[in-house]
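The values are calculated or read from the model by the stated rules, or taken from the named source; none is laboratory data. No experiment lies behind these values; they were computed from the predicted model shown. All Cβ positions, even for glycine, are placed from backbone atoms using ideal geometry, and neighbour counts span all protein chains on display.
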Amino acid sequence: MQKQLVYRGLVLGGLVLVLVIVLGSIRGLVHERMARSHEVRQDIARSTAGPQTLVGPILVVPFRLATRHQWIDPDTEALRTRLTYRDGSLHLLPDSLRMTGTIRTEARRRGIFAANVYRTILEVEGEFRVPPRFGITADPTDYTFGDVTMAIGVADIRGIVGSLDLHMNGANVSFAPGTGSRALGSGIHAPLTISELADEQRLPFRFELELVGTETLLLTPVGRTTEATLRADWPHPSFVGAFLPLARDVSDQGFNATWKTTSIATNLDALFAECEAEQSQCARIATQQLGVSLIDPVDPYVLGERSLKYGVLFIVLTFTGFILFEIVRKARVHPVQYGFIGAGLVVFYLLLLSLSEHLGFALAYLLSSVACIALIGGYVRSILHSSARGAVLTVGLSLLYATLYGVLNAEDHALLLGSGLVFLVLGLGMWLTRRVDWYGLYPPASDAPRASVSDRV
């Protein structure tokens, strides 16, 4: 009797191990398809425009600083002077900045893979307060200033749609490529004429930027006070960056979010100064951003990967149900029959992956689970020679699939639901087998019934 239990346990354990290896192969296939999907999204971004990040608008003031070095000539005892020059740029941030954007999304497809591409119209307005001599307190004769420009850093300038004009002090100025600043990187600029450097100047401005990008839009709140509002038709936003919106409204029709920040929170004045002094510090500017990522919460590959995490538990719970049925109802199921049932459980994940690429995850899950439940339920009914027993196990399997779907759609509570399910199954198994005589479970070999023959209900 004990040898039979050990043999049966080893066989079922080996079968579970084989099924786990097969699940690992399916997980590898999911990763392969996920990588292919990511590759297609990158290709679409390369042919349109990638994720967009805006830094600005900022006044860029190029300068040349002359430094005098004096010494006494030891031969002539005359005072000599030598000038050295350093080129740099001042970055003047707007005193107030307001950005309002409306985002429209569309799916660009290549075969069965898709990427979210958006088009936004950003209305930008604000005011610069230019201090006397651009805030330089040293001897102004040491500085030679170049032409002042308003610059905007744009991560992928291919996404700029149509002409772009700056409205400032009643004049219209066209933007041109380039920023002239290593802190801003790629982007655009508009030349300005600023005179009377000894007086403070107020420069109100306004422009409209139409931009195309993929998946993510980030804005840098460069103003002393910055207010940004984004509206979109995408119902699944993920708000990213260093600042979350103060107010947001998310519905099935889209979202509306508003941010407000100040220079006290961003410290961008100091970050631009550090970038000008040491180029390696320029990356710190990117840490002070706000924006949104247009995520897809029903990505079939992410949900498929999550469902596979519960594959082993799913197989063990199903096999446990059959073992309990054997013990309580004196039914016998051959290890080969366990193998066919396990294969049906594993095929579910393969069907789920292939169908979700075409039909969406919810419908794919429904069709895959119904197909596998019908397959396993019909097979169980046949091997147990009982419609009632087959129906009971089919209902149990249906509850398992329904529970798994609930776990997948409740990511924050997945651990709670999963541990609760294991506890319930353990409790049910203990209750059903509380009066089982485990020592007398298997009769002597001469009296044992043939495999896969069971009593009718």
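Within the option set Thr193, Thr214, being modelled with pLDDT under 85 and hydroxyl-bearing (Ser, Thr, Tyr) holds for one residue only, Thr193.
Does Arg46 satisfy the criteria of being on the phi < 0 side of the Ramachandran plot and touching a strand residue (DSSP E or B) at 6+ places or on another chain (Cβ under 7 Å)? No; evaluated as a whole, the condition is false for this residue. Taken over segment 99-116, the criterion of being crowded, with 20+ Cβ neighbours inside 10 Å and under 24 Å from the mean Cα position of the chain (by Cα) is satisfied by Gly101, Ile103, Ala115, Asn116.
The condition of being in contact (Cβ under 8 Å) with a residue 40 or more places away in the chain, surrounded by fewer than 16 Cβ atoms within 10 Å (Cβ to Cβ) and under 21 Å from the mean Cα position of the chain (by Cα) does not hold for Arg119. Applying the criterion of being touching a strand residue (DSSP E or B) at 6+ places or on another chain (Cβ under 7 Å) and small (Gly, Ala, Ser) to the residues of segment 73-132, the residue that is farthest from Pro245 (Cα to Cα) is Gly88. Considering segment 82-194, the qualifying strands (runs of 3 or more DSSP E), each wholly inside and each with 2 or more residues that are within 22 Å of Leu271 (Cα to Cα), run over 96-110, 113-130, 149-154, 187-191. Counting the residues of segment 196-245 that are on the phi < 0 side of the Ramachandran plot, of a type in the set (D, E, K, R) and not in a strand (DSSP E or B) gives 4.
Among the residues of segment 347-393, those identified as of a type in the set (Ser, Thr, Tyr) and surrounded by fewer than 18 Cβ atoms within 10 Å (Cβ to Cβ) are Ser354, Tyr379, Ser382, Ser387.
Every listed requirement among (1) at pLDDT 80 or above; (2) assigned by TED's automatic domain parsing to the domain that holds Leu209; (3) exposed (fewer than 13 other Cβ atoms within 10 Å of the Cβ) is met by His91 save one, (3).
Checked against (1) more than 23 Å from the chain's Cα centre (by Cα); (2) farther than 30 Å from Ser89 by Cα; (3) buried (at least 17 other Cβ atoms within 10 Å of the Cβ), Glu326 passes all but condition (3). The sole residue among Leu203, Leu211 that is of a type in the set (A, V, I, L, M, F, W, C), closer than 28 Å to Leu230 by Cβ and surrounded by 21 or more Cβ atoms within 10 Å (Cβ to Cβ) is Leu211. The single residue among Ala270, Ala283, Ala257, Ala232 that is exposed (fewer than 14 other Cβ atoms within 10 Å of the Cβ), assigned by TED's automatic domain parsing to the domain that holds Pro94 and more than 19 Å from Gly135 (Cβ to Cβ) turns out to be Ala283. For segment 301-311, the criterion of a residue being hydroxyl-bearing (Ser, Thr, Tyr) and closer than 30 Å to Arg224 by Cβ is satisfied by no position. Scanning segment 25-46 for residues that are without any contact (Cβ under 8 Å) to a residue 12 or more places away in the chain and either under 21 Å from the mean Cα position of the chain (by Cα) or closer than 30 Å to His91 by Cβ (or both) yields Gly28, Glu32, Ala35, His38, Glu39, Gln42, Arg46. Going through (1) surrounded by 20 or more Cβ atoms within 10 Å (Cβ to Cβ); (2) touching a Leu at 6+ places or on another chain (Cβ under 6 Å) one by one, Arg133 falls short only on (1).
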